[in-house]
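Structure record follows, encoded as structure tokens.
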Amino acid sequence: MSEKVLELDAKDKKILEQLDLDARHGSSEIARKAGLRKDAVGYRIRRLEKSGVIKGYYSVLNIAKLGFETYKLMLTFQNTTSGIEKEVIGYFAKSPHVGWLVSCDGKYNLMIVCWVRNGAVLDQFFSEFLTEYAQYVRERDIIQITENHSCPKSYLFGKERDESPDVFYGGEPKCEADGTDLKIMQELANDARMPLSELAGKVGLTGEAVAYRLKQLKKRNVVQAFRPIINTPMLGYQYYNVLFRLQRFENLEEIFAYFKQHPNVIYFVKYLGTHDIGIDLEVKGPEELRTVLRRIKDTFSEDIESYDTVLVYQEHKLSYFPN
């Protein structure tokens, strides 16, 4: 890893754990749960932000309830230079359709998650990209994400199992949200820890009115979680995406239950396309990855046909709110 590994003390880890459970927790609440003083919590959070351990805060939104479909584009480059690859990354990063964008090593060099109203919108978007950059793309795969589960980073806090509630989207009917609700979600999508008073000023409501709307959005499972963007490479971890093909589908619920409790799995998904399911996980390195995958294969040897592993080494964009 290129970044220097930073060792966090127990107090910083307690603060990160509380933020990972709910990034909108105030300093007083975190102090109470972490056994620290309020001013110490505020100081430590600012230090974590300044050092780059916390890169920001995002909201996990139930994108399906807002009427969007989710697609994952996976590209392998050819005939490129670093300048051309940077240009391609910039093309996707500025797109209002793109919610997650990462650079990878392995079978693919770039992964892009898009949220669109329907397949026709994706077709137009991707066709426009290929018109500009097809000569630099050797392989391109598109799969639809029909179910997405988001998990906290339990491994980071010494936990052997993730016992948090399942946070997921997929298959739900559309939930109507008015313009004010959408503006609240848009503001929180990329700054989940924005103070209520500031949020109220941006949407033109009182703090009480915003708090009520936010409570209703959570109750309707539209707003699901608030999390910090933790720079885990700084802490000595590598990020992998693993795509599985199945030969049996009867045990999918059992497989997902296994993924859910695994402390290193931060996402697990169901696909429609060239792969059937996938996980995102963070581990200390290739040896720990092999251990995790060996146990998965041994546990579900009759279900898993094959898999592809991709190292994600840079995240360029993360936002659950399509513009």
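The values are calculated or read from the model by the stated rules, or taken from the named source; none is laboratory data. The structure presented is a predicted model; accordingly, all values stated were derived computationally and were not measured. Cβ placement follows ideal geometry from the backbone for every residue including glycine, while neighbour counts extend to all protein chains displayed.
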If the requirement is being of a type outside the set (Asp, Glu), more than 15 Å from the chain's Cα centre (by Cα) and surrounded by 21 or more Cβ atoms within 10 Å (Cβ to Cβ), which of these qualifies: Ile54, Ile30? Ile30
Matching residues, segment 279-311, being within 19 Å of Val113 (Cβ to Cβ) and in contact with an Asp or Glu (Cβ under 9 Å, 6 or more places away or on another chain): Val310, Leu311
Would you confirm whether or not segment 245-260 contains a residue that is in contact (Cβ under 8 Å) with a residue 60 or more places away in the chain and over 22 Å from Gly106 (Cβ atoms)? yes
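Pick from Leu48, Leu19: which is closer than 19 Å to Pro152 by Cα, aliphatic (A, V, I, L, M) and free of Cβ contacts under 8 Å to residues at least 40 places away in the same chain? Steps first, answer last, please.
Details: Leu19 fails: free of Cβ contacts under 8 Å to residues at least 40 places away in the same chain.
It is Leu48.
Going residue by residue through segment 192-200, is there one that turns out to be under 17 Å from the mean Cα position of the chain (by Cα), at pLDDT 95 or above and closer than 27 Å to Lys72 by Cβ?
Restricting attention to segment 192-200, the residues satisfying the condition of being under 17 Å from the mean Cα position of the chain (by Cα) are 192-193.
Applying the additional criterion that residues be at pLDDT 95 or above yields 192-193.
Restricting the remaining residues to those that are closer than 27 Å to Lys72 by Cβ gives 192.
Checking segment 192-200: at least one residue is under 17 Å from the mean Cα position of the chain (by Cα), at pLDDT 95 or above and closer than 27 Å to Lys72 by Cβ.
Evaluate the following for Phe129: is it under 24 Å from the mean Cα position of the chain (by Cα), buried (at least 18 other Cβ atoms within 10 Å of the Cβ), modelled with pLDDT under 95 and on the phi < 0 side of the Ramachandran plot?
No: the conditions fail for Phe129.
Looking at Asp181, Asp166, can you tell me which residue is closer than 24 Å to Asp20 by Cα and modelled with pLDDT under 95? Walk me through it before giving the result.
Values: Asp181 fails: modelled with pLDDT under 95.
Only one candidate qualifies: Asp166.
Kindly check whether there is at least one residue in segment 98-106 that is out of contact with any strand residue (DSSP E or B) (no Cβ under 7 Å at 6 or more places or on another chain), touching a residue at least 12 places away in the same chain (Cβ under 8 Å) and not basic (Lys, Arg). Give the steps one after another, and end with the answer.
Within segment 98-106, the subset out of contact with any strand residue (DSSP E or B) (no Cβ under 7 Å at 6 or more places or on another chain) is none.
No, that holds for no residue.
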Would you check if there is a residue in segment 207-216 being under 16 Å from the mean Cα position of the chain (by Cα) and at pLDDT 95 or above? no
Out of curiosity, is Leu122 in the same structural domain as Val283 (by TED's automatic domain parsing), closer than 29 Å to Leu66 by Cβ and under 21 Å from the mean Cα position of the chain (by Cα)? yes
For segment 211-232, give me the residue count where each residue is aliphatic (A, V, I, L, M) and either in contact with a Phe, Trp or Tyr (Cβ under 9 Å, 6 or more places away or on another chain) or more than 16 Å from Asp178 (Cα to Cα) (or both). 3
Any idea how many residues of segment 27-46 are closer than 17 Å to Asp9 by Cα, in a helix (DSSP H, G or I) and in contact with a helix residue (DSSP H, G or I) (Cβ under 8 Å, 6 or more places away or on another chain)? 9
Do we have any residue at all in segment 249-267 that's in contact with a strand residue (DSSP E or B) (Cβ under 7 Å, 6 or more places away or on another chain), in a strand (DSSP E or B) and buried (at least 21 other Cβ atoms within 10 Å of the Cβ)? yes
Tally time: how many residues in segment 66-86 are within 24 Å of Phe321 (Cα to Cα) and without any contact (Cβ under 8 Å) to a residue 12 or more places away in the chain? 1
Tell me which residues, restricted to segment 106-126, are closer than 16 Å to Val88 by Cβ and surrounded by fewer than 14 Cβ atoms within 10 Å (Cβ to Cβ). none
For the list (1) crowded, with 20+ Cβ neighbours inside 10 Å; (2) among the small types (Gly, Ala, Ser); (3) in a loop (DSSP other than H, G, I, E, B), I need the number of the one condition that Gly278 fails. (3)
Residue under question is Phe256, and the condition is that it be within 27 Å of Asp141 (Cβ to Cβ) and in contact with a Gly (Cβ under 9 Å, 6 or more places away or on another chain); does it hold? no
Could you check segment 47-57 and list, in sequence order, the residues that are outside any helix (DSSP H, G or I) and out of contact with any Leu (no Cβ under 6 Å at 6 or more places or on another chain)? Gly52, Val53, Lys55, Gly56, Tyr57
